[in-house]
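Just below is one structure, and these are the notes that go with it.
The values are calculated or read from the model by the stated rules, or taken from the named source; none is laboratory data. Since we're looking at a predicted model, the values are computed, not measured. Ideal geometry is used to build each Cβ from the backbone, glycine not excepted, and the neighbour counts take in all protein chains shown.
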Amino acid sequence: MDQAFRQAVRSGRRLLGGFIKLPSHQSVELMARAGQDFAIIDAEHAPFDLASLDAMAMAAHGSRLPLLVRPPSADRASVGQLLDMGYHGVLAPHVDGPAAAERLLDGVRYDRGHRGFSPSTRAAHYGAPDFAAYRAAADSGNSVWCMIEDAAAIERIDAIAAIGDLDCLFLGRADLSLSLGVDRQDDPKVVEAVRAVADAGRRHGRTVGIYIGAIAEVPALAALGISVFMCGSDQTWIMAEGQRLRAAFAAS
């Protein structure tokens, strides 16, 4: 939990982060050293086990990097376990309507009466002396992001965006293009869906984020009101630098 980071997200301040897909705590430290505002562990599409997730949460605390996690499933037990490890928030995949968003919040917020509680976790500093104060701090500090990546979510976007406890509506154009039945992320259907989410975020005072392939996309998307950007991952950065070196070597 990190109240300052959550407030920064909700404020609409422009933020830049990257995905972590390699199960290595060094990737967390490198993201911090690189000056990223935050990072997200992609446990939906990369091979993370609980031990590596735990080590990476610990590395985030040591390097003071706000670290969220995208789990394979946003079920209540999984979300609570990850937040107990000390993650600063969760990016839930495939939130396709307000009911799914409310279920997600049930797994995050203690004050809803559904999340299991233990004072012996990393998040609770291994023995919170004041149970009520810790739960209140967790509820105010854990950041809740929803992946908007389904046609059904676009149809219900106003109802999702109206939920005040949500901190960020995060656009996933890859899955969204599949759901809309198109092959390209720059297809007019996807472009219009992005605009619809940005408009809903503005109407309801909800922050909107998006994954981008290049920083050159930022100005046009920021003009729509999008303020949170994810550009690449530890994998893509290593690949890009390796390819650059290969090309330079071949030309030398």
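Could you please let me know if P98 is under 25 Å from Q235 (Cβ atoms) and either at pLDDT 95 or above or out of contact with any helix residue (DSSP H, G or I) (no Cβ under 8 Å at 6 or more places or on another chain) (or both)?
On the way: under 25 Å from Q235 (Cβ atoms): no; either at pLDDT 95 or above or out of contact with any helix residue (DSSP H, G or I) (no Cβ under 8 Å at 6 or more places or on another chain) (or both): yes.
Answer is no for this residue.
Looking across segment 123-155, the residues that are in contact with an Asp or Glu (Cβ under 7 Å, 6 or more places away or on another chain) and either surrounded by fewer than 20 Cβ atoms within 10 Å (Cβ to Cβ) or of a type outside the set (A, V, I, L, M) (or both) come down to D139, G141, S143, W145, E149, D150, A152.
In segment 134-153, the residues that are under 16 Å from F117 (Cα atoms) reach residues that are of a type in the set (G, A, S) and not in a helix (DSSP H, G or I) with C-beta atoms within less than 7 angstrom, at least six apart or across chains, in these pairs: Y134/A124; Y134/A128; A138/A123; N142/G89.
Of all positions in segment 213-227, none carries a residue that is under 24 Å from A159 (Cβ atoms) and free of Cβ contacts under 8 Å to residues at least 12 places away in the same chain. The criterion of at least 1 residues that are without any contact (Cβ under 8 Å) to a residue 40 or more places away in the chain and crowded, with 23+ Cβ neighbours inside 10 Å is met by the following helices (runs of 4 or more DSSP H) wholly inside segment 1-115: 25-33, 50-63, 76-85, 98-108.
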